[in-house]
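Visitor: Before anything else, here's the structure in question.
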Amino acid sequence: MTNMLYSFTGLILFVFGLFALISCPHPLRKILGGNVMSTGIFLFLVATSYRTDTASIDPVPQAMVLTGIVVSVSITAVALVLATRLQQSANRAMNRREKKNEGGAAEG
Amino acid sequence: MDSAMTIILTGFDLLLSATLLWLAWQLLRSTDIFKAIIFFICFGLLMAIAWVRMHAPDVALAEAAIGAGLTGPLFLAALRKMERKQKKERRFDPEEKRDNPDKRWQVRSREASPLMWIVAALTLCFAGLLIRTVWIIPRPLPGLAQQTAAHLGASGVDNAVTAVLLNFRGYDTMLEVMVLLLGAITIWSITHAPFPPRLPDTSPVQKSAVRLLLPLICLTGGYLVWQGAYQTGGAFQGGAVLSAALVLLLISDFLWLPDMHSLPLRMGMVLGPLVFLSMAVLGIITENALLRFPPEQAGAFLLFLEAACAISIGLSLAAFFAGGRPASDLREKPYQTDQPDTEKEGS
Amino acid sequence: MVSAESWIAVPVVVPLAAALLSFLVRRGSLFISLAAAIINVLAAAILVNQFFVSGPAQYAVGGWDPPLGISLRTDGPALIMLVLTGLTGVAISLYAWGYFSFRIDQPARAGRPEKQERFFWPLWMLQLTGLNGLFLSGDIFNIYVTLELIGVSAAGLAALSGKSASITAALRYLLVSLLGSMSYLLGVVFLYKTYGVLDLGLLQKMAGPTPGVIAALAVMSVGLLLKTAIFPMHFWLPPAHANALAPVSAILSGLVVKGSFFLLFRLWFDIFSPALPHTAFSLMGALGAGAILWGGIQALRQQRLKLLIAYSTISQLGYLLIAFPLAFTGGNSQTWSAVLFMASGHACAKIAMFMSAGTIMLHLGHDRIRELAGIRAYLPVTAFAYAAAGVNLMGLPPSGGFIGKWMMLIASLSTHQWLWALVLLAGSFLAVAYVFRVVEQLFVIPPDAPFIERHPRAGLLEWPALILALISLLMGLIAPYPLRLLDTGMAPQVVQVIGG
Amino acid sequence: MTIPEIIGLVSIAVALPFFLSGTVGMLRFPDIFTRLHALTKADNVGLGFLILGLCLQANDWFIVIKLVLIWVLVLIASSASCHLVARRALMKGIRPWTAQ
Amino acid sequence: MSWENALIVAILMSSFLPGIIIFMLPEKSTGLRTSLNLFGALLKMTLVVIMDLAIYYGRVFHMRLELMEGVELFLNADPLSAMFATLSSVLWLLTTIYAVGYLEGSPNRSHFFGYFSLCVTVTIGIAMAGNLITFLLFYEMLTLATYPLIIHRGTDEALAAGRSYLFYAFGGGGVFLFAVIWLHTLAGPADFTSAGFTPQLIDNDAPVLRFIFLLMIAGVGVKAALVPLHGWLPRAMVAPAPVSALLHAVAVVKAGAFGITRIVLDVYGIKNIIQLGLLPWLMTLSSITIIWGSLRALQQDGLKQRLAYSTVSQISYIALGISLADHRLALIGGLVHLVHQGLMKITLFFCAGNLAETLGIHKISEMAGVGRRLPLTMAAFTIGAMGMIGIPPTIGFVSKWYLCLGGITAHNWWVIVVLVISSLLNGAYFLPIIITAWFGKQQGSWPREKNFGRFETHWMLLAPPLVTALAVIVAGIIANAQFSPLAWVEFVVQEYTR
């Protein structure tokens, strides 16, 4: 019974993350969605191998999830740095534009 | 007695799943990015509890250390860097976030555009499809539990997950450590670490707290790596804790990353993957199979491997938080966040 | 003392070592990477030789047999892609050497070359490791890790040029590849949930049309189609390829896209072909047809050379998908080997084209198609390389593209599927239009052509492009050898299903 | 059920209201400073009782040392972070809540 | 690699290798380039003549290269291919000499001569193709080799001509590829045999074969400039004179006509085609082209445009001859016209080139009194024109004679009517040129006059037209001698009418 419950939670989390990744405009929110999506899949994966008696738990999905977590943190970090760099250059452009029309306003 | 226990447990499961889904929903709908990140950190911690419930202690530790422990600060640091510098000193107060002039990034429209509804409908039926498939898949097969248990003795470690991670599927872990290093290299290739804005005075409490906590953190990190052989723990969890130590140093200005020389950093980051690779090649030469450890000293080999990997994972994760390469590396002046951009607009 | 069959590990270990060393020792990174690329080609050749001697091999990593451990497999399709990646890898490394030495000498024409070169080599070597790992791996979760390795290094390479346009494209590319690999991973979870096994060989024996497998394949295919930028999901490819540095766009267009396509090919034809309904194959065909026509029309409308080439990639990928319905409906077993043959032909041609576009951009400072006239006066080899690669795209004899198109037309006509044949012909007409639109400018020398000062090391820029273009041009003549390599590779059980 | 286990259960029971009060305090208090106050004070004391209870139930000295180590770490961390948050709030110009 | 294979490869390589080397040569090394060119042309001609002799005495030359499973690149030298190969190698030698003289001092000649030799290699390949697939391969490569020659001048007009050439050529190529593959799936990989494919193939899918024939003729007809598909030919006249001479007398247009011959005789086979009843269609199409070409030629003022339209109509004589393939005489007339038309048309183009090069004359209206200034060139032009009209001693008369005989034996009066009308039309558009040239009075000075010392123009520009004009007359006179084109054609036709 717990298998089904946690598998469904995992799947719904995956779909939430997918929706967030597709629909949200802000890059940070997209990356958040990506993380939620991957956590959802990992939950679904481990939920499949859940047993009540801990002796016969299958360790392979847990190893896969560990690898998955590390990989997704690496992707998140790269995506964050890209998004930051992008936003900074956008901010810089806005600052320059403001300075220009401020300068204009001062003279005008 | 155990029927009462199962009722409590199912009750706990339902509560936990409900909160997880609610947190994820809040993550999407909250108007303010800062709030969304805080929800994400809580989501990470609750996930750690879920992993414990799934009898997966290793994953719980990793999720807590990396999922919530490191990703949260990553997001917060990114958000701070993305803040547009106001005329006055940089404002960080969450309450005043709403009248932030930079409206472009907020989730403005409460009534979602029709496209949004289509996408939502599509994802919903996709979810329905997935759940229906999961529902009709027969009782899950035993998986690889027997095989791992049978070969556990020859793997040199007692903890099954570490055995699978480092010995049976060591090739996966080697590539995965490479992905971590690759992430660090990519970040170094994009920008160099921005000058952290020097706060007027870091409070003495922070300095002394850090001075007190640091040895304890390193001790626990080392212990986790050592414990990986026979209990929950291992290179990733230990590495994550070590990275927490480095992040603390970065925050409280002990480490002045922008003008650190990059060679020691690079050596540390490459240490783990290099040891892994040389073990793999050694496996070919002595045991005539890639990544094969001599059965009797396998335990010692694995421990040495885990230690090296923990150090490089710690450094790589800290590099993720720093968000760039040391400026002294390419003899470039570390640019302030609002300096004219160095790159030339594409013609 | 080192057994011969451990050569299989070389294509993964050597580039990996080169990546680590070139990140560590900055100055020697160029020569380390070049040496690694050459050893990689050598290893690929030895593996092909071993393959012809002793047939497909399986190599258990760490000494643990498949259900528990991971196995590396060499069969026909994998070896074709290995040889292709090896050859083009050496050519790209040589080109990058010339490209960066050119940009460092004339920084006025380029962004920050010194930073770019320093980080290009480790990222490129890790990319090569990921690709070789993907082709050789026999374990679906291991393939997921290699896909991530390819995805992140490709995004890193795309963002290397530092322009804000390329960083936007890199971010979008990274998120798309994250979405793609996540849906692939979901497919892996479904497969593990139904069969409890991760190895491709075992899955092939167990595969049957159960709901779990169909759901897994559907999700995996959507992910991989997203990563291969097939028609409806191609939006991220043109900006990423056009704004990147020349060697990077060559890598992205030639190899990275082929990596995820190869995986799609292996899943659909090698492992799960009995489990798939016919409608799935014709859906892929429809996507392919859409890609050919849309890519071709868009390529005609572009004003910039690199964008034109990027859209032509989308169009050519459509060809590869059209072969799915053709091979399934009992076309002779030649058809699906035509797919990989055409993919490798296209890879060589596309890399040569991007290299020539890069050389032109370096010398002229821009790549607006209207002002390209007179290139032949100063860069004759580049102009000829572009034209030769164009011949392959158009599918004219004696190129590899012609043989691929020929086999697909034979399959479509012998199974009376007229639509695919017409789409193939329409596609090659579009290709003629957008290739000659550029060749026309290249081959004409107006009297007032501006003087272009040739860089002393421009040879390094032009000759790799020419060699690759000639390989793709003359592949048609040596077609039987790679095709025989492909046939022996497939497991017999699958071949007779496909009407072999 | 030996005497130490009973005392352990009692001390765990004692710890619960502290956590409850800390949470209620965090929700009901008017401004940031009082909320910080509630959180760090009540939760730390609650945790102390909880750790005491667990130590009594633990049957191995090594675990007792680990538990005490956890308590020390939490004390240092929460006090330092509470100080920093309060200091930051002051610098940002948030004045403590007053009666009127 | 037996002796026979080596010969075929040597023939191909004798122009391919010089081409590649010429590509590499820098612009200023004219001496080396010219000598390489001439050496290659001479070597090719001697090898081809040796091959002709060997074929005459019954030796067989072929070379196979396996392209794919069941699909081979097959080069086979049968009498028909030897004829076309001899024609193109001889005329290539003359055109090379002419081109060297014509392009003296003009820019990027290495580029030009490189593609020039590639183009002839591909033409020889088309000639010696042994099965439909090899023919298709070389057919599509011909477009690639000739395109750079057409846009050689680089003017916008040349680019437009190149674009229309590409559009027609690749359109036809695509349709031809489709038809070849369709036939391949039906009849399987078959080499060219005089019997054509197996008869019982016809009874189960005759309509499909008819449609395939239509597609094939359309595909090949583009290069053979059949009426609806001839648009590119007049526009391609913007290319330099040697290119239009070689392309429109020997390489491109002849490849199309040769393609029609191969399809009718060797792919379908005469008996099958008659059973399918396709020949009347081909006849009507070629007759319409003949009349239409001549009428359009009348309206052209540009000398080269008029010659282009006359090529359009003359090529269809060959198609007309082939469409009466079941009658031996008509077949001989058609095939021999393939050679004769090449010789006559190349003379005319050489003279047109001389006029343009030495006096800057492009229009017929400017040609008044040019006979006095360039007597020898105009003499050659007159002989060529008379050949086209079909006045006795010339080879033009011979081929028209056989065509009429074939028409009579086939009791097909339409053919006779078409031939007579077209001869009259030929006269109508060639004679005025000759009259204005010889008897007109020169108005003012020539647009751009150059003098070349002793002879009226550069010797390299004068010698080739004279040689070909001589051949036009000599081949006519010694028509039934042992080694004339006519005798060779009879040797060829012997095989098909057994």
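Visitor: Pairs needed: first member in the stretch B:312-326, more than 10 Å from chain A (Cβ to nearest Cβ); second member anywhere, acidic (Asp, Glu) and assigned to a helix (DSSP H, G or I); C-beta distance under 8 Å; at least 6 residues apart or different chains.
Guide: What qualifies is B:Pro326/B:Asp259.
Visitor: Select from the stretch E:181-208 the residues that are assigned to a helix (DSSP H, G or I) and either among the hydroxyl-bearing types (Ser, Thr, Tyr) or within 14 Å of chain C (Cβ to nearest Cβ) (or both) and list them in ascending order.
Guide: E:Ile181, E:Trp182, E:Leu183, E:His184, E:Thr185, E:Leu186, E:Ala187, E:Val208, listed by residue number.
Visitor: Then there is this: Within the stretch B:282-298, can one find any residue that is among the basic types (Lys, Arg), assigned to a helix (DSSP H, G or I) and within 14 Å of chain C (Cβ to nearest Cβ)?
Guide: Checking the stretch B:282-298: not a single residue is among the basic types (Lys, Arg), assigned to a helix (DSSP H, G or I) and within 14 Å of chain C (Cβ to nearest Cβ).
Visitor: Any idea which of A:Ile69, A:Ile22, A:Ile75 is surrounded by fewer than 18 Cβ atoms within 10 Å (Cβ to Cβ), not charged (D, E, K, R) and not in a loop (DSSP other than H, G, I, E, B)?
Guide: Exactly one of A:Ile69, A:Ile22, A:Ile75 is surrounded by fewer than 18 Cβ atoms within 10 Å (Cβ to Cβ), not charged (D, E, K, R) and not in a loop (DSSP other than H, G, I, E, B), namely A:Ile22.
Visitor: Could you please let me know if C:Phe402 is more than 30 Å from C:Glu453 (Cβ to Cβ) and more than 13 Å from every other protein chain (Cβ to nearest Cβ)?
Guide: Against the criterion (more than 30 Å from C:Glu453 (Cβ to Cβ) and more than 13 Å from every other protein chain (Cβ to nearest Cβ)), C:Phe402 does not qualify.
Visitor: On to the next question. Sort out which residues of the stretch C:349-379 are of a type in the set (Gly, Ala, Ser) and surrounded by 24 or more Cβ atoms within 10 Å (Cβ to Cβ), and write them in order of number.
Guide: Once the filter is applied, which keeps residues that are of a type in the set (Gly, Ala, Ser) and surrounded by 24 or more Cβ atoms within 10 Å (Cβ to Cβ), the stretch C:349-379 yields C:Ala349, C:Ala352, C:Ser356, C:Ala357, C:Gly358.
Visitor: Which of the residues belonging to the stretch C:137-159 are more than 20 Å from C:Asp65 (Cβ to Cβ) and under 17 Å from the mean Cα position of the chain (by Cα)?
Guide: Of everything in the stretch C:137-159, those that are more than 20 Å from C:Asp65 (Cβ to Cβ) and under 17 Å from the mean Cα position of the chain (by Cα) turn out to be C:Thr146, C:Leu147, C:Glu148, C:Leu149, C:Ile150, C:Gly151, C:Val152, C:Ser153, C:Ala154, C:Ala155, C:Leu157, C:Ala158.
Visitor: Answer yes if at least one residue in the stretch B:101-121 is part of a helix (DSSP H, G or I), more than 24 Å from the chain's Cα centre (by Cα), at pLDDT below 70 and exposed (fewer than 12 other Cβ atoms within 10 Å of the Cβ), and no otherwise.
Guide: Yes, the stretch B:101-121 has at least one match.
Visitor: Just need a number here: residues in the stretch C:411-447 that are within 14 Å of E:Val175 (Cα to Cα) and under 26 Å from the mean Cα position of the chain (by Cα).
Guide: Of the residues in the stretch C:411-447, 9 are within 14 Å of E:Val175 (Cα to Cα) and under 26 Å from the mean Cα position of the chain (by Cα).
Visitor: Within the stretch A:1-48, track down each residue that is closer than 21 Å to B:Ile38 by Cα, more than 7 Å from every other protein chain (Cβ to nearest Cβ) and either more than 14 Å from the chain's Cα centre (by Cα) or among the polar types (S, T, N, Q) (or both).
Guide: Within the stretch A:1-48, just A:Gly10 meets the criteria.
Visitor: Just one of B:Ala62, B:Ala77 is part of a helix (DSSP H, G or I), modelled with pLDDT of 90 or more, crowded, with 16+ Cβ neighbours inside 10 Å and among the small types (Gly, Ala, Ser); which is it?
Guide: It is B:Ala62.
Visitor: Could you please find all residues in the stretch E:151-172 being modelled with pLDDT under 90 and farther than 30 Å from E:Ser106 by Cβ?
Guide: Result: no residue meets the conditions.
Visitor: Could you check, for the stretch E:47-63, whether at least one of its residues is within 27 Å of E:Phe135 (Cα to Cα), in contact with a Gly (Cβ under 8 Å, 6 or more places away or on another chain) and touching a residue at least 40 places away in the same chain (Cβ under 8 Å)?
Guide: yes
Visitor: Examine the stretch B:161-182 for a residue that is assigned to a helix (DSSP H, G or I), in contact (Cβ under 8 Å) with a residue 24 or more places away in the chain and away from chain A (no Cβ under 14 Å), and state whether such a residue exists.
Guide: Within the stretch B:161-182 (the criterion being assigned to a helix (DSSP H, G or I), in contact (Cβ under 8 Å) with a residue 24 or more places away in the chain and away from chain A (no Cβ under 14 Å)), the answer is no, since none of the residues qualifies.
Visitor: Before we move on, is B:Leu46 closer than 27 Å to B:Phe321 by Cα, in contact with a Ser or Thr (Cβ under 9 Å, 6 or more places away or on another chain), more than 7 Å from chain A (Cβ to nearest Cβ) and at pLDDT 85 or above?
Guide: Answer is yes for this residue.
Visitor: Hey, C:Ala343 hits all of (1) over 20 Å from C:Ala240 (Cβ atoms); (2) crowded, with 24+ Cβ neighbours inside 10 Å but one; which does it fall short on?
Guide: (1)
Visitor: Tell me which helices (runs of 4 or more DSSP H) are completely within the stretch E:291-394 and hold 3 or more residues being surrounded by fewer than 20 Cβ atoms within 10 Å (Cβ to Cβ), or say none if there are none.
Guide: Where helices (runs of 4 or more DSSP H) fall fully within the stretch E:291-394 and carry at least 3 residues being surrounded by fewer than 20 Cβ atoms within 10 Å (Cβ to Cβ), they are E:375-389.
Visitor: Sticking with this structure for a sec: Looking at (1) over 23 Å from B:Thr162 (Cβ atoms); (2) touching a residue at least 12 places away in the same chain (Cβ under 8 Å); (3) crowded, with 17+ Cβ neighbours inside 10 Å, which one does B:Met279 not meet, given that it meets all the others?
Guide: (1)
Visitor: Another question, then. Which condition breaks for E:Leu177 when tested against (1) modelled with pLDDT under 90; (2) farther than 23 Å from E:Thr289 by Cβ; (3) of a type in the set (A, V, I, L, M, F, W, C)?
Guide: Going through the list (1) modelled with pLDDT under 90; (2) farther than 23 Å from E:Thr289 by Cβ; (3) of a type in the set (A, V, I, L, M, F, W, C), E:Leu177 breaks only (1).
Visitor: Count, please, the residues in the stretch D:57-79 that happen to be farther than 18 Å from D:Ala38 by Cα, within 11 Å of chain B (Cβ to nearest Cβ) and β-branched (Val, Ile, Thr).
Guide: So the count comes out to 2.
Visitor: Can you work out which of the residues in the stretch E:276-290 that are small (Gly, Ala, Ser) and part of a helix (DSSP H, G or I) is farthest from E:Ala257 (Cα to Cα)?
Guide: E:Ser287
Visitor: Further question: So which residues in the stretch C:19-48 are farther than 14 Å from C:Ser6 by Cα and of a type outside the set (A, V, I, L, M)?
Guide: C:Ser22, C:Phe23, C:Arg26, C:Arg27, C:Gly28, C:Ser29, C:Phe31, C:Ser33
Visitor: Another question about this same structure. Give the number of residues within the stretch B:183-216 that are modelled with pLDDT under 85 and at the interface with chain A (Cβ under 9 Å from one of its Cβ atoms).
Guide: Result for the stretch B:183-216: 2.
The values are calculated or read from the model by the stated rules, or taken from the named source; none is laboratory data. Since the model is a prediction, treat every value here as computed from it, not as a measurement. Don't worry about glycine lacking a Cβ; one is built from the backbone with ideal geometry, like all the others, and counts go over all protein chains shown.
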